[in-house]
Amino acid sequence: MTSYEQSPLLIASDLDRTLIYSAAALDLRMPDAEAPRLLCVEVYGHQPLSYMTETAAGLLTELARGAVFVPTTTRTREQYGRVRLPGPAPRFAICANGGHLLVDGESDPDWQASVRARLAAACAPLEEVRAHLIRTADPAWLLKERVAEDLFAYLVVERALLPEGYVKELTAWAEERGWTVSLQGRKIYAVPKPLTKSAAVAEIARRTGAREVLGAGDSLLDADLLLAADRAWRPGHGELADEGWTAPQVIALEERGVAAGEQILRAFAARAGVADAEGAVTL
């Protein structure tokens, strides 16, 4: 009998700027000689792109052997496919902010159908939102405009040139149409409100009979995941930290950058009873 058939612990974590980090997001504040060793977990365009500490990689490997670890990301399936996490390949993964539930690497067609039915019934169509994004974006600060999995849209912008009130105005416009807006790094996401990570995690918890759900994330799009978890963590950086967001079951960490990713995995390991790299369990 496999571990996910034994009322397991389910760990659902965001990836970017939660567990894995680009070079720009590492936030290495210590002297160079004291910086942690890093493991590259993603290559894009023949260049290394995303990293985690070697200690974090070891913790994740141990966790994935005894718990149901579910990468839970806003990335498309193609973007997620570039990520090579250490440890056993996850049986389940969530992509496109809950739009795709992967089982052994394949998107569950029944889940896809249920998601699209919810979106059609509850919010304005993607075409309307995308047209508004294109119409209101200024070429002076717009770098790219993209649609992800025919489910949501996002802009890649030059943050330094982005007008201060643009995101606030876009958020108000989207709210009236059943959509939410999230600013993450250089990307402005417009996502249908019914498209949530927590709904997909709940489905995996149902299928596995999970006894407890742990979560982690850094952005507004992770808030529902953190609220739905039995216990959750957020790093000291990101959209949620900037707003001072928290909840009774959410632990707000002080660590920032890749150090926060390692600390989140230490917290998961402590909850799962896994010893950390130094042999001590830390909360």
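The values are calculated or read from the model by the stated rules, or taken from the named source; none is laboratory data. All figures in this text were calculated on a predicted structure; none of them were measured in a lab. Methodologically, a virtual Cβ is constructed for each residue, glycine included, from the backbone with ideal geometry; neighbour enumeration extends over all protein chains shown. For accessibility, only protein heavy atoms count, side chains too; no ligands or nucleic acids. Shrake-Rupley method; radii C 1.70, N 1.55, O 1.52, S 1.80 Å.
Quick notes
- Selection status of ALA131, more than 22 Å from the chain's Cα centre (by Cα), small (Gly, Ala, Ser) and more than 30 Å from LEU101 (Cβ to Cβ): no
- Failed condition for SER3, given (1) small (Gly, Ala, Ser); (2) open to solvent by 60 Å² or more (accessible area, probe 1.4 Å); (3) at pLDDT below 95: (2)
- The stretch 57-79: number of residues that are touching a residue at least 40 places away in the same chain (Cβ under 8 Å) and open to solvent by less than 40 Å² (accessible area, probe 1.4 Å): 14
- Of all residue pairs spaced 6 or more apart or on separate chains, those with beta-carbon atoms under 9 Å, a first member in the stretch 198-210 that is basic (Lys, Arg) and a second member that is open to solvent by 20 Å² or more (accessible area, probe 1.4 Å) and in a helix (DSSP H, G or I) are ARG207/TYR4.
- Just one of the numbered conditions (1) part of a loop (DSSP other than H, G, I, E, B); (2) surrounded by 17 or more Cβ atoms within 10 Å (Cβ to Cβ); (3) of a type in the set (Asp, Glu) is not true of ASP222: (1).
- The listed residue being open to solvent by less than 40 Å² (accessible area, probe 1.4 Å), farther than 29 Å from LEU162 by Cβ and not acidic (Asp, Glu), out of ALA210, ALA241: ALA210
- All positions within the stretch 43-82 that are part of a strand (DSSP E or B), β-branched (Val, Ile, Thr) and within 22 Å of THR208 (Cβ to Cβ): VAL68, VAL70, THR72
- Taken over the stretch 124-165, the criterion of being over 20 Å from THR76 (Cα atoms), open to solvent by 80 Å² or more (accessible area, probe 1.4 Å) and either of a type in the set (S, T, N, Q) or free of Cβ contacts under 8 Å to residues at least 24 places away in the same chain (or both) is satisfied by ILE134, ARG135, PRO139, ALA160, LEU161, GLU164.
- Residue list for the stretch 85-123, restricted to those being open to solvent by 20 Å² or more (accessible area, probe 1.4 Å), among the hydrophobic types (A, V, I, L, M, F, W, C) and over 17 Å from the mean Cα position of the chain (by Cα): ALA89, VAL103, TRP111, ALA113, ALA117, LEU119, ALA120, ALA121, ALA122, CYS123
- Within the stretch 152-166, restricting attention to residues that are among the hydrophobic types (A, V, I, L, M, F, W, C) and assigned to a helix (DSSP H, G or I), the residue that is nearest to PRO125 (Cα to Cα) is LEU161.
- Tally, over the stretch 49-70, of residues that are within 15 Å of TYR21 (Cβ to Cβ) and of a type outside the set (Gly, Ala, Ser): 7
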